[in-house]
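Remarks on the structure that follows.
A short reminder: the numbers here are calculations on the coordinates, not readings from a lab. Keep in mind that this is a model prediction, so the values were computed, not measured. Please note: Cβ atoms are built from the backbone with ideal geometry, for glycine as well, and neighbour counts cover all protein chains shown.
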Amino acid sequence: MTVQAKPVSASRIDNHVYKIFPNDLNARKTAFGGMIMSIADRVAVVAAERHSGNVCVTASVDSWHFVAPAKENDTLVFSVSVNRAWTSSMEIGVRVDAENSYENTRKHIVSAYFTFVAVDDDGKPLPVPALLPENEREKQRFEAAEIRRQARLNTRESLKRFKA
Ligand SMILES: CC(C)(COP(=O)(O)OP(=O)(O)OC[C@H]1O[C@@H](n2cnc3c(N)ncnc32)[C@H](O)[C@@H]1OP(=O)(O)O)[C@@H](O)C(=O)NCCC(=O)NCCS
């Protein structure tokens, strides 16, 4: 079955907000990282499912680095888009900013790349539409995603050999 290509704009999510309250903090009184990861995964899966039109599972997450903390009363702002789609998998780029709404400032706290795979009822991979990058930034992300995919697949192969 062939599936029609889709533009990035058909699935992207901009400015998904989450307000940080005291129960979201760690012992340092900054936002708990696992909570931020969980929201990022949830927002990213929506982009993957919009693009693929099917249920998707998280296959891997690349290089998650917290470059700055978020604090109590900050608002997390998630921006998510499909960078590239292959046969059944898609790379979703996630950027998280922390906004101080009282001072009208924002700082970048995380960027990461999720790989999702569209699956059927038995968990078997399903074909996904190709991605149509339309502007310069989307084209750059599209090219860079292929380089990261090679690294991911190399890591996957190495882990398989290690287990064997
Ligand atoms: C992800 C999963 C469906 C892949 O199934 P599989 O039988 O290994 O399938 P394949 O080897 O044919 O790979 C399918 C696709 O996934 C990609 N893939 C598999 N493992 C990957 C990984 N670790 N990182 C990136 N991509 C991966 C493959 O490159 C392939 O992509 P393509 O079809 O676009 O070329 C399967 O490993 C799985 O169900 N994992 C558990 C997922 C899960 O429970 N997530 C957490 C909760 S959502």
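Listed values, structure above:
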item	result
Members of region 3-23 that are farther than 26 Å from Pro69 by Cβ and without any contact (Cβ under 8 Å) to a residue 60 or more places away in the chain	Ala10
Odd one out for Val57 among (1) surrounded by 15 or more Cβ atoms within 10 Å (Cβ to Cβ); (2) out of contact with any Leu (no Cβ under 8 Å at 6 or more places or on another chain)	(1)
Matching residues, region 1-33, being closer than 13 Å to Ala85 by Cβ, aliphatic (A, V, I, L, M) and either crowded, with 16+ Cβ neighbours inside 10 Å or more than 16 Å from the chain's Cα centre (by Cα) (or both)	Val3, Ala5, Val8
Residue match in region 27-39 (condition: away from the ligand (no atom under 16 Å from the Cβ), over 25 Å from Ala144 (Cα atoms) and among the polar types (S, T, N, Q))	yes
Which numbered condition Asn26 fails, given (1) in contact (Cβ under 8 Å) with a residue 60 or more places away in the chain; (2) within 17 Å of Ile109 (Cβ to Cβ)	(1)
Contacts under 8 angstrom Cβ, first residue in region 46-59 being within 12 Å of the ligand (Cβ to nearest atom), partner of a type in the set (S, T, N, Q), 6 or more apart	Ala48/Ser11; Thr58/Thr115; Ala59/Ser89; Ala59/Thr115
Matching residues in region 123-133 - criterion: being part of a strand (DSSP E or B) and under 30 Å from Val67 (Cβ atoms)	Leu131
Matching option when the condition is of a type in the set (Ser, Thr, Tyr) and buried (at least 17 other Cβ atoms within 10 Å of the Cβ), among Ser52, Ser63, Ser158	Ser52
Out of Leu153, Leu76, sole residue that is near the ligand (Cβ under 9 Å from one of its atoms) and either closer than 30 Å to Leu25 by Cα or not in a loop (DSSP other than H, G, I, E, B) (or both)	Leu153
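To keep it simple, each residue is scored yes or no on (1) crowded, with 22+ Cβ neighbours inside 10 Å; (2) at positive phi; (3) within 16 Å of the ligand (Cβ to nearest atom); (4) not in a strand (DSSP E or B).
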{"site": "Val82", "(1), (2), (3), (4)": "yes, no, yes, no"}
{"site": "Glu91", "(1), (2), (3), (4)": "yes, no, yes, no"}
{"site": "Glu99", "(1), (2), (3), (4)": "no, no, no, no"}
{"site": "Glu103", "(1), (2), (3), (4)": "no, no, no, yes"}
{"site": "Lys107", "(1), (2), (3), (4)": "no, no, no, no"}
{"site": "Val117", "(1), (2), (3), (4)": "yes, no, yes, no"}
{"site": "Asp121", "(1), (2), (3), (4)": "no, no, yes, yes"}
{"site": "Arg137", "(1), (2), (3), (4)": "no, no, no, yes"}
